[in-house]
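Student: Please find one structure pasted underneath; my questions will follow.
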């Protein structure tokens, strides 16, 4: 899928639109909960990277949002913490409203 990205100084903005084509038997109502796009915003604050992303369907009122912070451990490895709330956290349970907290390792970066 295409994505539109712009970076200016310490800011990064990305929009990733999508549209379901072909067979929709597996998840026929996925766009009801996931919408048709994802918006991601990132800000580099020193060595840390702050990020926010979300998707929303304006017709149904369903969506989800994620806030994240990453900090470098080495040149190519970062520790990452995130909080997600809403629908669409995963494709398995996209139609369940949930809040999750995660901590992990990131091998790539927004910037």
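Student: Out of all the residues in the stretch 80-94, which are modelled with pLDDT under 95 and surrounded by 10 or more Cβ atoms within 10 Å (Cβ to Cβ)?
Tutor: 88, 89, 90, 91, 93, 94, listed by residue number.
Student: So which of 13, 49 is farther than 18 Å from residue 95 by Cα and either touching a residue at least 40 places away in the same chain (Cβ under 8 Å) or surrounded by 17 or more Cβ atoms within 10 Å (Cβ to Cβ) (or both)?
Tutor: 49
Student: Hey, another quick one. Could you list all residues from the stretch 64-90 that are under 18 Å from residue 28 (Cα atoms), touching a residue at least 12 places away in the same chain (Cβ under 8 Å) and out of contact with any helix residue (DSSP H, G or I) (no Cβ under 8 Å at 6 or more places or on another chain)?
Tutor: Answer for the stretch 64-90, where residues must be under 18 Å from residue 28 (Cα atoms), touching a residue at least 12 places away in the same chain (Cβ under 8 Å) and out of contact with any helix residue (DSSP H, G or I) (no Cβ under 8 Å at 6 or more places or on another chain): just 89.
Student: Same structure, new question: If you take the residues of the stretch 1-43 that are at pLDDT 90 or above and on the phi > 0 side of the Ramachandran plot, which of them is nearest to the chain's Cα centre (by Cα)?
Tutor: For the stretch 1-43, the residue satisfying everything is 35.
Student: In the stretch 18-46, what residues are surrounded by fewer than 13 Cβ atoms within 10 Å (Cβ to Cβ) and in a strand (DSSP E or B)?
Tutor: Across the stretch 18-46, the qualifying residue is only 45.
Student: Related question: Residue 95 - would you say it is in a loop (DSSP other than H, G, I, E, B) and within 24 Å of residue 7 (Cα to Cα)?
Tutor: Against the criterion (in a loop (DSSP other than H, G, I, E, B) and within 24 Å of residue 7 (Cα to Cα)), residue 95 does not qualify.
Student: Related question: Do you know which residues across the stretch 54-63 are in contact (Cβ under 8 Å) with a residue 24 or more places away in the chain and not in a loop (DSSP other than H, G, I, E, B)?
Tutor: 54, 55, 63
The values are calculated or read from the model by the stated rules, or taken from the named source; none is laboratory data. Given the structure is predicted, the values throughout are model-derived calculations rather than measurements. Reconstructed Cβ throughout: ideal geometry from the backbone, glycine too, with neighbour counts over all protein chains shown.
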